[in-house]
Each structure stands twice: as C-alpha cells, then as structure tokens.
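Let me begin by presenting the structure, written as structure tokens, before commenting on it.
The values are calculated or read from the model by the stated rules, or taken from the named source; none is laboratory data. Since the structure is predicted, the reported quantities are computational estimates derived from the model, not experimental observations. Glycine gets a Cβ as well: all are built from the backbone with ideal geometry, and neighbour counts include every protein chain shown.
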Amino acid sequence: MIDVRGVTRRFDGVVALADASFQVNPGEIVALLGPNGAGKTTASRIIGGILAPTEGDVLVDGVSVREDANAVRARCGFVTDQPSLYERMPLRAYLAFFARLYDVGSPDTRAAELAKLLGLDDVLDRRLGTFSRGMRQKVAIARALVHDPPVLLLDEPATALDPEMAQILRGFIVSLRARHRAILLTTHDLDEAQRIADRVVVLYKGRVVRIGATTDIRSAGRPRYAVAFAGDIAAARDALARAGIDAEAAAAKNGLAVLRFGTDDPATTNPAALRALLDAGLRVVTLSAEERSLEDAYLAILAEARR
C-alpha cells in the first residue's frame, strides 16, 4: 500500500532523507521512529504528496508520487500533532465542507457518520473553537477519514492528550487497522508504538538503520535475567561475582531483593547463578527472563548507529 523506494530529499544541499526504503502493508501499523531531525516528518510529507523527493519514488496504492501527486494526496489521510481547524465553523459544516472538496456523495450524511464513529455526534452543531484538545484531535482524524482513504499518515497524533484520551485514540487507530488501512505512525512515544505497531522503522540522520517486527526488535540483543531472593543484596552480588557473573541491583519487588544480569549462554550461566546464591545461603524465589521494552531496544539501535 505504501512503498518507499530509495527516497532522498535535500534542502539547500542538506540531506534530510537518504536513500530510504520501506513498506507499509494494508491492515498494518508501522511506527516511524527516530530522534529530532532524523527525517520522519520529511518522509511522511513525501509519502503524502506534500513534498517531492529529490531522488527515488513512493508508490501509494500503486500510484507514483512523482507521476501524480494529486492522486496520491487523494489516497491519504494526514493527521498532525497540531491540527489547524476552522474554529468559527460548526463540526457538521466543517466535515461536510471537506467531504465536498473530495467529491464525497451525501456530504452531510458523511459528516454525521464520522461524528458518530468518533463519539462527536452530540456536538455536531458546536463551533470548533469551543472544543477541547482531545476533541480537536478527533476532528482532525474525522477530516482525514472523510474521503475513506486507504492510507493514514499519523504524525504524533497523541501529543498533549491526557492518558485516558490517548488510550481511546490508540484503540481507534487499532480499529482502523482492522479495516485494512495502511497506517504510518510517526511518534516519539515509544510506549504507544510498542502497544499498537506491528513493525518499526528507525531513522537516524536521514537513513533507515533498522526495520523489523516490533516483537523481533524487542527480543534482539543480549538476553537479560532477573533473580529475586530473600537475603543481603551485597552478599548476593559477591556470590555471583565469584561465579563470574556481573550483576546489578534492580528495584525491589514484593519485599524481595532483585539482581539483573546479562548472558550470551543462559543454559550455563543461569544454573551457575542459582548454585552460587544457594551456596551463599540465600533463598531464591524466582529467576526469570526480562522482556526488553521497545524503548530499550530503540536506544540500543541509536547507540549502535552513532558508532
């Protein structure tokens, strides 16, 4: 549905995007991650037909952004973190106006459908200037969906939303995936990406440095384990050190001390850790693998890219 093919974009000699390639399939949410200045917004704007690539091409629903940017724009819905609304217009008139721009049949009916879908049907006749931050973001999503596009480009859609509203928005985005839309989510909120993204694309200085399924990105790297026990933590660290295991203290859990360590050979290291702790007279309660967060994985990818 979205096929980015070797895209480069320069601004006055500065390379904002360098030979970037990735895809977003129908019924998939892909999170586009990277630090400020990595090229995320540039990539989204090129995909949406707002910027032209200097080199390369993007196909959206089979249409080339180079050959027909207008047709690409008609296939995309774009939502930003700071939506600009016509604040003096009531919601009904606002959505109907954009429906007419896209030649949508029965624009008033479409406006009512979208308002109901987003839980705004009770404020259809209120002016947008009276809407809260969360309501305004819903309006921006409704506007993006007014022509029923197959592709959604979401640029920090949950910025400044309270936790409850952000959760509602996440649920709505997931429901759109179920309707077979291709969704590109640009975000700094790694918890949000971990919750809803199927795959991750990481940009650094305009280059794609990692692409993979969210679960694969998180599971890559050196396995880490946590051991919870009753006893003195200093004695436990000394016992593990004598067994050649470098452990670090973690937050206590359920009244138990916790140590963490990494290993490339858990089949050998973990039994050795248990023996060392038991021989030191410590009562081990659990030894379990730690699931790496997307944030940890992302920071490791960036550290590798900076070398």
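Does any residue of the stretch 248-271 turn out to be surrounded by fewer than 15 Cβ atoms within 10 Å (Cβ to Cβ) and either within 30 Å of GLY37 (Cα to Cα) or more than 38 Å from the chain's Cα centre (by Cα) (or both)?
Scanning the stretch 248-271, I find no residue that is surrounded by fewer than 15 Cβ atoms within 10 Å (Cβ to Cβ) and either within 30 Å of GLY37 (Cα to Cα) or more than 38 Å from the chain's Cα centre (by Cα) (or both), so the answer is no.
Name the residues in the stretch 201-236 that are without any contact (Cβ under 8 Å) to a residue 40 or more places away in the chain and either surrounded by 16 or more Cβ atoms within 10 Å (Cβ to Cβ) or basic (Lys, Arg) (or both), would you?
Across the stretch 201-236, the qualifying residues are GLY212, ILE233.
Just one of the numbered conditions (1) in contact with an Asp or Glu (Cβ under 7 Å, 6 or more places away or on another chain); (2) closer than 26 Å to GLY56 by Cα; (3) crowded, with 20+ Cβ neighbours inside 10 Å is not true of ASP198; which one?
(3)
Could you please give the count of residues in the stretch 260-307 that are touching a Ser or Thr at 6+ places or on another chain (Cβ under 9 Å), in a helix (DSSP H, G or I) and either on the phi > 0 side of the Ramachandran plot or of a type in the set (A, V, I, L, M, F, W, C) (or both)?
Of the residues in that region, 3 qualify.
Return the pairs, sorted by first residue and then second, in which the second residue is crowded, with 23+ Cβ neighbours inside 10 Å, the first residue lies in the stretch 137-153 and is at positive phi, the beta carbons are less than 9 Å apart, and the residues are 6+ apart or on different chains.
These pairs meet every condition: ASP148/GLY77.
Does ASP198 qualify as being acidic (Asp, Glu), at pLDDT 95 or above and under 15 Å from the mean Cα position of the chain (by Cα)?
Considered against the rule, which asks whether it is acidic (Asp, Glu), at pLDDT 95 or above and under 15 Å from the mean Cα position of the chain (by Cα), ASP198 comes out as yes.
In the stretch 122-139, what residues are at pLDDT 90 or above and in a helix (DSSP H, G or I)?
Hits for the stretch 122-139 are ASP122, VAL123, LEU128, GLY129, THR130, VAL139.
Before we move on, is LEU153 crowded, with 17+ Cβ neighbours inside 10 Å and farther than 30 Å from GLU55 by Cβ?
No.
Look at the stretch 155-180 and say how many of its residues are acidic (Asp, Glu), in contact (Cβ under 8 Å) with a residue 24 or more places away in the chain and either over 21 Å from SER44 (Cα atoms) or not assigned by TED's automatic domain parsing to the domain that holds ALA31 (or both).
Residues flagged as acidic (Asp, Glu), in contact (Cβ under 8 Å) with a residue 24 or more places away in the chain and either over 21 Å from SER44 (Cα atoms) or not assigned by TED's automatic domain parsing to the domain that holds ALA31 (or both) within the stretch 155-180 amount to 1.
Looking at the stretch 220-232 only, could you name the residues that are at pLDDT 95 or above, of a type outside the set (Gly, Ala, Ser) and under 23 Å from ASP296 (Cβ atoms)?
Within the stretch 220-232, just VAL227 meets the criteria.
Going through LEU117, LEU95, LEU59 one at a time, which residue ends up being buried (at least 17 other Cβ atoms within 10 Å of the Cβ) and either at pLDDT below 90 or in contact with a strand residue (DSSP E or B) (Cβ under 9 Å, 6 or more places away or on another chain) (or both)?
LEU59
List pairs: first residue in the stretch 264-293 and within 18 Å of ALA236 (Cα to Cα), second residue surrounded by fewer than 11 Cβ atoms within 10 Å (Cβ to Cβ) and polar (S, T, N, Q) anywhere in the structure, Cβ distance under 9 angstrom, at least six positions apart or on different chains.
Within 9 Å, the pairs are VAL285/ASN254.
Could you say whether any residue in the stretch 159-167 is part of a loop (DSSP other than H, G, I, E, B) and within 14 Å of ILE29 (Cα to Cα)?
No: the stretch 159-167 contains no residue that is part of a loop (DSSP other than H, G, I, E, B) and within 14 Å of ILE29 (Cα to Cα).
Checking the conditions here, which among GLY6, GLY48 is surrounded by fewer than 19 Cβ atoms within 10 Å (Cβ to Cβ) and either farther than 22 Å from ASP191 by Cα or at pLDDT 95 or above (or both)?
Answer to the selection: GLY6.
Give the residue, chosen from ALA305, ALA297, ALA250, that is of a type in the set (A, V, I, L, M), modelled with pLDDT under 95 and touching a Phe, Trp or Tyr at 6+ places or on another chain (Cβ under 6 Å).
The match here is ALA305.
So ALA144 ticks every box in (1) under 22 Å from ASN70 (Cβ atoms); (2) of a type in the set (Gly, Ala, Ser); (3) under 16 Å from the mean Cα position of the chain (by Cα) but one. Which box is left unticked?
(3) is the only condition that ALA144 fails.
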